[in-house]
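Please read the structure below before turning to the comments.
The values are calculated or read from the model by the stated rules, or taken from the named source; none is laboratory data. Keep in mind the model is a prediction, meaning the values are calculated, not measured. Cβ atoms come from the backbone with ideal geometry, glycine included; neighbour counts cover every protein chain shown. Ligands, DNA and RNA are stripped out before the accessible areas are found, and what is left, the full protein with its side chains, is counted by its heavy atoms. Shrake-Rupley method; radii C 1.70, N 1.55, O 1.52, S 1.80 Å.
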Amino acid sequence: MDQFLAFVKGISQALLNLNSFVLVPLFLLLMALIMGARFSKALRAALTVGVGFVGVATLTDLFFTVLAPVTQSMVEKWQLSLNVIDVGWGPFMSAIWALPMSLLMLPLFVVLNVVLLLIHFTDTLDIDLWNYALCFYAGMFTYVSTDHNMVLAILAFAVCVCIILKLADLIAPRTEEFFGLPGISFPQLVSIAFMPIGWALAKLLDKIPAFRKLDGDPESLRKRFGIFGEPIFMGFVIGLAISLLAGQGVGASLGVGMTMAGVMVLLPRMVSVLVEGLSPLSETIRERFEKWMPGRKIRIGLDTAVIIGNPSTLAASIMLVPVALLLAAVLPYNRVIPFADLASIAFAICLITPFVKGNVIKLFIIGALIIAFVMLPISTLVAPEITAIVQEANMFSLPEGFGTASMVTSFVDGANPISFVVYHIFSLFA
C-alpha cells in the first residue's frame, strides 16, 4: 500500500511540477489526438498554446517580481506591526501537497468532473490541474479543524468542485463575449469565489446615478484623455506612483513604471497568441464531446492566468496594492500584514471585470471593498488553520524580517469565501 501511495504521489507531483506552458498544451494535444484530430494540426496548435503560455507566464512572473520588493518597501516604510504574516499561496500549497490526503483529491477531481458532465450538472471539462489543486483548500481546512476527519475533508473538497464548475458555467456566456474566448470557461476557485460578491456590488453601483453613467473602461479613457488614458500610460504612471509611495528612488521608480507599462501592453498580445493555438484544439475536443452528448455545449476549463492581462484588471490590481496595506493598518479587526499575495490581487478581481464592463474605477472600488470586508477578515480568521497545515507538513517558516509574527496566512487564496463557508459547514459535523 505504501508503495502504491508513493507511486501515485510521484505521478501527481511530476504533473504539478510541470509548468503550465508544458502541462496545458500536453493535455490539449493528447485529448485532441484521442478525439481524432490530425497529428500535425494538433501539434502545431499545442505548440502555439505553449508559446502563448510562455509569454503569459514570463510577463506574469515579471509583474510579481517587480511588485514584490515595492510591497516589502511599503511594509517597512509604513512600519506595519501586525502579528499574522501573509506568506502567499506558494508555501500554503506546498504544505497541502506534503500531506498524504492530497493524493486522493487529484484523481477524485478528474472522476468527479467527468461524472458531473455525464449527469448534465456541468458543461465544463476542466483540464487545468491547478484548478483542481485550489479546491484542496476547503478540504485541508476541514481536515485540520475536524481532528483529521478524512471523509468530511473529501466531501468539503467535492462540494467546492461542484460549486466552481457550476459558477463557471453560469458566467461563461459573459466571459466568452467580454474576453473573446468562445468555448472557454474559468473554474478557478481563487477567482470565481469573489465573482458573486463583485457582481452584487456592480449591481449596487449601477443603481447610483453618478456611477451608472461613469465611463471608465480603457477605450473610453483613451478617447477622453488621449495617450493619458491608454494602458501603456496608465501602467507607467501607476507603477511610478506606488514605487514612490514605497520610498524607492526616482531611478528605481521609473524602472517599475516602465515594467508595469510593458506588462500592460505585452500581456494581452501574448494572450492573443495563446488563443490562436487554443481555438482549433478546444473546438476539436468540444465537437467530439458534443457528438457523444447531443445538444450539449461543452466548454474547456482553463486557469484565469489567461485573462489577467486585461488592461482594466491590471490597472485596478496595481492601484489596490497600497490600498490593501493602508486598510490593513487602519482596520481594527485586521491582524494580517498583506505581503506575498498582494501581487495576486489581479486573480481575485479578474472575473469581476466583465460585470463592470471593464470600468477601471468601478473595479477599483469593488476591489477595495472586497479587500476590506472579505480578504482581510477571512485571512485573519483562517490563520490558525493555515498555520496548523504548514506546521503539520514541517514547513513553518517566516520571511526574513518578520520574526515577530506568530501565525501565517494567505491574503488572497486563504481568504477565499467559498472555501471558508464550506469548511465551516463541514466542521459542524465533526
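Residue under question is residue 290, and the condition is that it be open to solvent by 10 Å² or more (accessible area, probe 1.4 Å), of a type in the set (D, E, K, R), in contact (Cβ under 8 Å) with a residue 60 or more places away in the chain and out of contact with any helix residue (DSSP H, G or I) (no Cβ under 7 Å at 6 or more places or on another chain); does it hold? I'd like the intermediate steps shown before the answer.
Working: open to solvent by 10 Å² or more (accessible area, probe 1.4 Å): yes; of a type in the set (D, E, K, R): yes; in contact (Cβ under 8 Å) with a residue 60 or more places away in the chain: no; out of contact with any helix residue (DSSP H, G or I) (no Cβ under 7 Å at 6 or more places or on another chain): yes.
So residue 290 fails the test.
I need every pair where a residue in segment 237-249 that is over 7 Å from residue 70 (Cβ atoms) has its Cβ under 6 Å from the Cβ of a residue that is surrounded by fewer than 18 Cβ atoms within 10 Å (Cβ to Cβ) and of a type in the set (Lys, Arg), sequence separation at least 6 or different chains. Sorted first by the residue in segment 237-249, then by its partner, the pairs are 247/77.
Among the residues of segment 302-310, not a single one is at pLDDT 85 or above, over 15 Å from the mean Cα position of the chain (by Cα) and open to solvent by 10 Å² or more (accessible area, probe 1.4 Å).
Does residue 127 meet the test of being closer than 23 Å to residue 272 by Cβ, modelled with pLDDT under 90, touching a Gly at 6+ places or on another chain (Cβ under 8 Å) and surrounded by fewer than 24 Cβ atoms within 10 Å (Cβ to Cβ)? If you could, list the steps in order and put the result at the bottom.
Values: closer than 23 Å to residue 272 by Cβ: yes; modelled with pLDDT under 90: yes; touching a Gly at 6+ places or on another chain (Cβ under 8 Å): yes; surrounded by fewer than 24 Cβ atoms within 10 Å (Cβ to Cβ): yes.
Here the answer is yes, as residue 127 does meet what is asked.
Among all residues of segment 3-21, there is none that is open to solvent by 50 Å² or more (accessible area, probe 1.4 Å), modelled with pLDDT of 80 or more and farther than 17 Å from residue 132 by Cα. Of the set (1) touching an Asp or Glu at 6+ places or on another chain (Cβ under 6 Å); (2) within 18 Å of residue 235 (Cα to Cα), all apply to residue 301 but (2).
Within segment 311-369, being among the polar types (S, T, N, Q) and closer than 22 Å to residue 214 by Cβ holds for 312, 313, 317, 353, 359.
Whether any residue in segment 133-146 is at pLDDT below 80 and either assigned to a helix (DSSP H, G or I) or under 19 Å from residue 300 (Cβ atoms) (or both) is what I want to check. Yes: one or more hits. Looking for something of a type in the set (Gly, Ala, Ser), modelled with pLDDT of 75 or more and open to solvent by 10 Å² or more (accessible area, probe 1.4 Å) - is there at least one such residue anywhere in segment 94-103? No: zero hits.
Of the residues that sit in segment 330-370 and are aromatic (Phe, Trp, Tyr) and in a loop (DSSP other than H, G, I, E, B), which one is surrounded by the fewest Cβ atoms within 10 Å (Cβ to Cβ)? Across segment 330-370, the extreme among qualifying residues is 333. The residues on offer are 263, 271, 256, and the sole one that is within 16 Å of residue 59 (Cβ to Cβ), over 21 Å from the mean Cα position of the chain (by Cα) and open to solvent by less than 30 Å² (accessible area, probe 1.4 Å) is 256.
When you scan segment 169-185, do you find a residue that is among the small types (Gly, Ala, Ser) and either farther than 30 Å from residue 275 by Cα or assigned to a loop (DSSP other than H, G, I, E, B) (or both), even just one? Yes.
Checking each residue in segment 26-76 for being crowded, with 16+ Cβ neighbours inside 10 Å, more than 20 Å from residue 246 (Cβ to Cβ) and of a type in the set (S, T, N, Q) picks out 48, 60. Could you say whether any residue in segment 187-203 is open to solvent by 60 Å² or more (accessible area, probe 1.4 Å), on the phi < 0 side of the Ramachandran plot, modelled with pLDDT of 90 or more and not hydrophobic (A, V, I, L, M, F, W, C)? Checking segment 187-203: at least one residue is open to solvent by 60 Å² or more (accessible area, probe 1.4 Å), on the phi < 0 side of the Ramachandran plot, modelled with pLDDT of 90 or more and not hydrophobic (A, V, I, L, M, F, W, C).
Every residue, every condition in (1) more than 20 Å from the chain's Cα centre (by Cα); (2) open to solvent by 30 Å² or more (accessible area, probe 1.4 Å); (3) under 22 Å from residue 424 (Cβ atoms); (4) touching a residue at least 40 places away in the same chain (Cβ under 8 Å), yes or no:
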site: 116; (1), (2), (3), (4): yes, no, no, yes
site: 120; (1), (2), (3), (4): yes, yes, no, yes
site: 136; (1), (2), (3), (4): no, no, yes, yes
site: 142; (1), (2), (3), (4): yes, no, yes, yes
site: 146; (1), (2), (3), (4): yes, no, yes, yes
site: 149; (1), (2), (3), (4): yes, yes, yes, yes
site: 155; (1), (2), (3), (4): yes, yes, yes, yes
site: 160; (1), (2), (3), (4): no, no, yes, yes
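Look at (1) over 26 Å from residue 182 (Cβ atoms); (2) touching a helix residue (DSSP H, G or I) at 6+ places or on another chain (Cβ under 8 Å); (3) modelled with pLDDT of 85 or more and you find that residue 384 fails only one, number (2).
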